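Readers should treat all values here as calculations from the given coordinates under stated rules, not as data from a laboratory. Note that this is a predicted model, so its numbers are computed, not measured. So basically every Cβ, Gly included, is an ideal-geometry build from the backbone, and we count neighbours across all protein chains shown.
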Ligand code: PLP
Ligand code: COI
């Protein structure tokens, strides 16, 4: 598939862009271009274009607007000390995208096309990758745009990549998060879509997130749907527990999103000699272990969030604090290890970085 590339003039001067990159926040400003491909029954993927970012024209009967056939990915491009740009494990995002596509009965996109699309956007919008601690968040996504109201997999899809300069996901000062345990809502059930990165999972989490915010919490931590006991993950991050004896526990895959940061943290921790166990951990144990001191640290991780400590957990029946409510040594060292690899400040023994 040959990409038709139509560069456009930037909406911003170099100086305006530089000031936009100083404190970009998360997901608020966007680069100049986008990549689009189309898929239809019979002709497969075609019409690959790299062009000015612009609104889509959509028929009101487009399938995605009614039944939510949509999936997405999130990955970051980092500026290395030598000025080059690097992607972190983009092949994993390409693979996960296809697993999400399969779950949502959508067409798979060849991994090479996924990566080529992301790289094309970086070629045109590379100037938008911030220096320092910022990064450029890349958002590949796919949606059903067949004009049809019958309930079945659509026969037309659009794949698109947009990019957004990003600073910290949490507002400054969030050294340790306060989490809300939803007594009412779950994120995913066995046989459901929890392991897929589909828009509907996030839509379903918003009411719980609203309640968390109303109680002064930063994020929701979801429990399993069947027993309402086992800690699963947050709305957009995976979770880890660091025990007194150095063992690290993280919930097993199944109904949670298989985070690429999660996988990288597991590998890094093991390479540093920690015993990492993918095992169920209950909210009761979490509280008891935090109170007794057997649990030393908790942290959450994801592409947007990076690695962030958990300081306090609240639920209807009360709350508990984790150690000194500050990032502990294991959290800090894994966070530094990961960030240094991503940003090209440390060796990359597992070849995770794909530098352009
Ligand atoms: N869990 C959920 C529900 C997410 O949306 C994300 C973000 O992508 C993650 C976990 C972390 O995944 P990753 O580390 O691949 O960004
Ligand atoms: C990501 O980390 O890429 C996500 O998709 C999480 C989302 C809450 C921004």
**Complete:** Log10 I(q)/I(0) at q = 0.09, 0.11, 0.17 Å⁻¹ for region 157-286, from Debye over equal alpha-carbon scatterers, is -0.29, -0.44, -1.03
**Message:** Based on the alpha-carbon set only, what is the convex hull volume of region 83-178 divided per residue, in Å³?
**Reply:** 160
**region 204-267 versus region 276-293: alpha-carbon centroid distance in Å** = 12
**Prompt:** Out of every Cα-Cα pair in region 259-319, what percent are more than 16 Å apart?
**Reply:** 56
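Using only Cα atoms, what is the ratio of the radius of gyration of the chain to 2.2 N^0.38 Å?
Relative to the rule-of-thumb radius for its length, the chain sits at 1.01.
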**Asked** Across bins of 10 angstrom width beginning at 0, how are the C-alpha pair distances of region 17-148 distributed, in whole percent?
**Response** 11, 39, 35, 14, 2, 0
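Determine, from the Cβ-Cβ distance of residue 202 and residue 346 and an R0 of 51 Å, the FRET efficiency 1/(1 + (r/R0)^6), rounded to the nearest 0.05.
Working: r = 33 Å, r/R0 = 0.64.
After rounding, the FRET efficiency stands at 0.95.
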**Request:** Do me a favour and compute the ellipsoid semi-axes for region 296-356 from its Cα gyration tensor, root of five times each eigenvalue, largest one first, whole Å.
**Result:** 31, 12, 7
**Request:** With a Förster radius of 41 Å, plug the Cβ-Cβ distance of residue 84 and residue 333 into 1/(1 + (r/R0)^6) and report the FRET value to the nearest 0.05.
**Result:** 0.95
**Asked** Once the principal axes of the Cα atoms of region 147-200 are found, what is the range along each, listed largest first in whole angstroms?
**Response** 47, 35, 18
**Asked** Using the C-alpha atoms of region 133-223, what convex hull volume per residue, in cubic angstrom, is computed?
**Response** 151
**Request:** Beta carbons within 10 angstrom, averaged per residue: use that to sort the peptides 85-92, 104-111, highest first.
**Result:** 85-92, 104-111
**Request:** In Å and from the alpha-carbon atoms only, list the Rg and Dmax of region 223-302.
**Result:** 12.1, 35
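Hey, could you grab the Kirkwood Rh for region 1-84? Inverse mean 1/r over distinct alpha carbon pairs, Å, one decimal.
16.3
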**Item:** Linear extension gain, residue 152 paired with residue 29, 0.36 nm per residue minus alpha-carbon span
**Value:** 40.8 nm
**Message:** With the crude spin-label approximation of a point 7 Å out along Cα→Cβ, what separation in nm comes out for residue 105 versus residue 183?
**Reply:** 3.8
**Complete:** With the convex hull built on the alpha-carbon atoms of region 23-66, volume per residue in Å³ sits at 119
